[in-house]
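Structure, as structure tokens:
Bear in mind these aren't lab numbers, they're just calculated from the coordinates by the rules spelled out. Predicted model, so just to flag it, every value in this text is computed and none were measured. Cβ: placed from backbone, ideal geometry, glycine included. Neighbour counts: every protein chain shown.
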């Protein structure tokens, strides 16, 4: 459900993937996620989502990622990688990590549950 321009998703719309457990609800530009949107995952391991900015089909700008573990990251993203200021929270231990400056690629390229 959504808008189409020249045969591609464009404007606001919702895409439900074949697995029916993954849904993107947000803005599109020339067939790519672009603008603000929410990508939700649900399944046997629990629910997770990313909500925030997208540029050319990649997480970019401000956004929040909630992992199936309940841990979360809120802050800056660049090309699908955590980068810049943000906060990672591990709910089971109560630990958090906050960053206020641009991180290196090594720091940002962490495991699915964030840097530790």
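Between residue 96 and residue 25, take the C-beta separation as r, use R0 = 22 Å, and let me know the FRET efficiency to the nearest 0.05.
For R0 = 22 Å, the calculated efficiency reads 0.20.
Going by how many other Cβ atoms sit within 10 Å of their own, how do 67, 97 line up, fewest first?
97, 67
With a 10 Å Cβ neighbour count serving as the proxy for reagent exposure, in which order, fewest first, do 22, 92 appear?
Starting with the residue having the fewest Cβ neighbours, the order is 92, 22.
Where does each of 77, 72 land when they are ranked from fewest to most other beta-carbon atoms within 10 angstrom?
Final ranking by Cβ density, sparse to dense: 72, 77.
State the label only: which of [x] 102, 41, 26; [y] 46, 33, 17; [z] 33, 24, 23 corresponds to Cα extents along the principal axes in Å computed from the shown model?
Looking at Cα extents along the principal axes in Å for this model, the match is [y].
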